[in-house]
Amino acid sequence: MSKWTTGWALLVLALAGCDSGDNGTTDAAARETTPPQGSAAQTPPANITRDRLLAADGEPGNWFTTGRDFGKTHHSPLTDINTGNVDRLGLAWEYETFTRRGLQATPIVVDGVMYVSGPFGKVFAINAETGEEVWYFDPQADGQHARYACCGVVNRGVAVWKGKVYVGALDGRLIALDAASGDKLWEANTFIYPERGYASTGAPEVAGNVVVIGNAGAEFDARGYVSAYDLDTGELKWRFFIVPRDPAEGQEHPELEMAARTWDPNSRWDIGLGGTVWDGMVYDPELNLLYIGTGNANSYNQDERSPSGGDNLFTSSVLAINPDTGRLAWHYQETPGDQWDFDSDQPMILTDLTVGGEAHKVLLHAPKNGFFYVLDRETGKLLSARNIVPVNWAKGIDPETGRAILNKEAADYGDGLKLVFPSPAGGHSWNPMAYSADTGLVYIPAIEMGMYTTDTSQGQDHRPRQHNMGVAGLMTSNSPFGDAMPAEDMAKISSGGLLEGAPDPTPRGVLKAWDPVAQKAVWELESAGWWDRAGVLSTGGGLIFQGTGTGYFRAIDARTGKILKEIKTGTAIVAAPATYRINGVQYVAVAAAGGGIPLTMAPPADSGNAIYGNDGRIIVFKLDGGETPVPAKVERAPVPEPPIQTADAETIARGEAVFSANCRACHTQVPGSVAPDLRHMTAATHAEFKDIVLGGKRRSLGMPQWDDLLNDEDANAVHAYIISLAWDAYRAQQENSN
Ligand code: CA
């Protein structure tokens with residue numbers, strides 16, 4: 001059981017609590033602030049208002065939200081850089097973040113100043129013309145929550161509004177900063193269940209008079225909810241829960257009574273049931289509605305979590321909430337009774353489209369479940385849906401009812417191992433897509449991949465603040481985790497019977513230019529692998545900009561998919577770029593540092609992480625810019641001589657079991673992983689081993705404390721196991737050098 005769970009953890013949830021390579025980030029001397037120069041100094045900073053946001057197309061020099069406009073199209077009208085001249089693109093400036101975790105945020109740029117977040121919820125304000133730092137904010141987040149951040153201690157952006165910058169720190173504090181100084185104005189603790197495993201990685205969203213934030217942790221024992229706070233004071237205005245609690249306790253708000261009727265009364269209320277809102281919020285000032293995408297249900301296996309079945313509202317759904325009242329306006333469930341980690345948290349785009357000859361205000365969405373949805377955002381009614389990648393969990397979406405037609409035979413693993421498409425990596429994940437009204441196309445960084453899935457929930461206890469998914473799986477990628485799947489199940493897979501009639505299981509990362517009206521791909525551009533799927537920027541210059549996990553920055557013809565320019569950065573890129581204009585010069589900016597699965601814990605050999613390490617950079621380009629520096633290649637350090645082994649074989653074996661269950665998800669031996677390869681521990685680290693593991697000595701760096709799960713004996717056994725690994729490596733090294 002523990003081996004199963006570990007295998008699953010490695011596959012899907014790679015990063016429960018990785019030690020951090022981040023250092024030196026609080027070095028005040030290196031971070032003296034300078035006031036913004038030039039145009040930035042002329043206006044009050046960060047003064048985004050409702051009027052300005054609604055008229056964002058009239059100020060194309062600015063990038064007001066993580067997706068530029070209120071609809072978060074990730075499209076800019078700027079045309080200065082275009083298909084005819086993009087071959088002249090070069091470096092304008094770069095800014096080092098002094099972090100080594102993934103950077104996933106799209107920068108916001110207002111009146112000459114860039115605001116962008118990084119690991120743990122650190123915020124960087126930078127002169128967008130020169131690259132000089134304006135201010136830097138470190139929330140000093142409690143690294144304990146790294147244990148509950150499945151896929152890295154990342155942060156997907158800030159919200160900027162009327163002179164304030166809002167950020168969610170990893171440890172659940174929502175923080176309002178003065179945009180001029182970076183000084184903290186207020187903070188609110190958004191985590192209300194300290195006994196459950198939560199982390200905060202999403203961007204807050206300003207909606208009317210409130211700022212809203214969700215959280216992550218559906219694979220652990222989190223109960224999903226969003227909280228709304230007064231913009232100026234941080235006072236809690238309302239809270240909306242995504243899943244009900246035990247009906248015996250009564251529900252907090254009326255919508256939950258409706259939701260509770262879609263759950264077994266004897267559901268596993270003790271494991272939280274998921275539905276976390278970790279990304280994907282967008283406020284619609286035209287209709288005064290806040291749309292949120294909700295996460296998967298937990299445990300994944302419905303037989304366990306809600307034995308009598310049901311849709312299990314409001315998991316895997318899009319919800320429209322009135323931000324003045326916190327009341328639900330409509331809901332649309334994309335995956336009823338989710339069993340496959342099909343989060344609907346992916347970013348949404350609001351625009352206007354003519355569908356079936358009628359004009360609609362629409363919401364475009366490509367959640368993990370592999371379909372592309374066009375919803376009427378006034379009513380929540382489905383206008384159309386079509387799969388963008390191979391899918392077998394559903395036979396389609398009923399156009400009349402809007403409901404997915406489940407394919408139990410193909411995807412219900414309750415009666416045995418199944419190959420399910422798409423995998424929990426999603427047909428599309430958090431990496432932002434873009435929509436260009438010029439081409440009428442949506443540009444989606446998609447993933448084509450399946451996962452062999454098995455039920456392991458039999459007799460599963462609630463494991464507080466640990467994984468409680470109750471399934472195990474093996475992705476169809478050539479992942480290094482195959483050993484985690486029991487031999488009898490591996491045999492079933494290799495027998496070939498399961499693959500009969502299934503879609504091609506070869507995993508691919510593919511940028512798809514998708515026509516949302518015709519619901520079909522117009523062109524596709526394959527990337528280096530399923531792990532290579534960075535966010536997208538579209539521009540009026542007819543260009544798509546996208547980075548790669550292999551460390552390149554590309555300009556692509558929006559109409560044909562042809563690569564027009566490629567610049568080597570070395571550093572892996574997963575975030576979406578932004579573009580803006582200052583003093584008549586158009587810039588294109590991207591936060592570069594690989595993160596997420598698998599770049600964080602098992603980066604492929606051709607990824608930027610593996611070759612160049614992962615020092616975070618904000619890289620900004622312009623026409624006729626300079627050469628882009630490429631970091632030095634990472635040199636593999638020798639294994640230092642380990643301490644003398646004093647433990648017996650039994651203790652070492654026990655240490656291996658504890659290590660596999662708790663540590664191996666982060667501490668791999670794969671070069672370029674953010675968590676250290678522990679065979680390389682120095683004598684000083686060996687001496688502090690228990691202070692680190694049990695005492696939390698490196699908690700501030702993101703290495704959590706484990707004394708709630710591991711005792712002294714466990715820690716000693718793990719240490720003995722690491723020492724034995726280190727000796728193996730050290731001896732091999734000595735032999736090779738002789
Ligand atoms: Ca999930």
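The values are calculated or read from the model by the stated rules, or taken from the named source; none is laboratory data. This one's a predicted model, so the numbers in the text were calculated from it and none came from an experiment. Every residue, glycine among them, receives a Cβ derived from its backbone with ideal geometry; neighbour counts consider all protein chains shown. Note: areas computed on protein heavy atoms with side chains; ligands, DNA, RNA excluded. Shrake-Rupley method; radii C 1.70, N 1.55, O 1.52, S 1.80 Å.
Structure summary
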{"read-out": "Proximal lysines to residue 622, defined as alpha-carbon separation beneath 29 angstrom and excluding residues fewer than eight positions away on the same chain", "value": "72, 122, 162, 164, 512, 562, 565, 568, 633"}
{"read-out": "Apportionment of accessible area to carbon and sulfur, the range 31-623, percent (1.4 Å)", "value": "48"}
{"read-out": "Residue-by-residue Karplus 3J(HN,Hα) for the range 54-64, coefficients 6.51, -1.76, 1.60, Hz, glycine and proline x", "value": "5, 9, 4, 5, x, 10, x, x, 9, 10, 7"}
{"read-out": "Phi-based couplings in Hz for the range 249-258 (Karplus 6.51, -1.76, 1.60; Gly and Pro marked x)", "value": "8, x, 9, 6, 8, x, 4, 6, 5, 4"}
{"read-out": "Note, ³J(HN,Hα) from phi for the range 590-599, Karplus 6.51, -1.76, 1.60, rounded to Hz, x at Gly and Pro", "value": "9, 8, 10, 3, x, x, x, 8, x, 4"}
{"read-out": "Of every Cα-Cα pair in the range 512-583, the percent that sits beyond 19 Å", "value": "35"}
{"read-out": "Accessible surface, per residue, of the range 535-608 when the full set of protein chains is kept, probe 1.4 Å, Å²", "value": "22"}
{"read-out": "Stokes-Einstein translational diffusion, the range 649-737 - Kirkwood Rh over all Cα pairs, 0.692 mPa s, 37 °C, in µm²/s", "value": "242"}
{"read-out": "Ranked packing of 401-409, 437-445, 724-732, most packed first, by mean Cβ within 10 Å", "value": "437-445, 724-732, 401-409"}
{"read-out": "Whole-angstrom gap from the range 578-623 to the range 351-369, using each part's C-alpha centre", "value": "31"}
{"read-out": "Accessible solvent surface per residue of the range 393-478, calculated while the other protein chains remain in place, 1.4 angstrom probe, Å²", "value": "34"}
{"read-out": "Accessible area, probe 1.4 Å, largest first, for residues 735, 334, 257", "value": "735, 257, 334"}
{"read-out": "Whole-angstrom Cα spans of the chain along principal axes, big to small", "value": "72, 59, 50"}
{"read-out": "Mean separation of Cα contacts under 8 Å, 6 or more apart, over the residue count of the chain: relative contact order %", "value": "16"}
{"read-out": "Distance from the range 447-471 to the range 707-738 (C-alpha centre basis), Å", "value": "29"}
{"read-out": "Reciprocal of mean inverse Cα separation for the range 76-182 (Kirkwood radius, Å)", "value": "15.1"}
{"read-out": "The range 649-737, relative contact order in percent, only Cα pairs under 8 angstrom and at least six apart counted", "value": "37"}
{"read-out": "Hits among lysines - C-alpha to C-alpha of residue 381 under 18 Å, sequence gap 8 or more where chains match", "value": "361"}
{"read-out": "Residues with amide H under 5 Å from that of residue 185, placed H, sequence gap 5 or more", "value": "176, 177, 178"}
{"read-out": "Amide H partners (placed H, <5 Å) of residue 386, local residues excluded", "value": "372"}
{"read-out": "Solvent-accessible surface (1.4 angstrom probe) belonging to residue 183, in square angstrom, nearest 10", "value": "90"}
{"read-out": "Accessible carbon and sulfur surface of the range 649-737 relative to its total accessible area, %, 1.4 Å", "value": "50"}
{"read-out": "Spatial separation of Cα centroids for the range 181-234 and the range 254-273, in angstrom", "value": "22"}
{"read-out": "Amide H contacts of residue 377 (H built 1.01 Å from N, under 5 Å, at least 5 apart or other chain)", "value": "361, 362, 363"}
{"read-out": "Heavy-atom accessible area per residue - the range 649-737, 1.4 Å, Å²", "value": "46"}
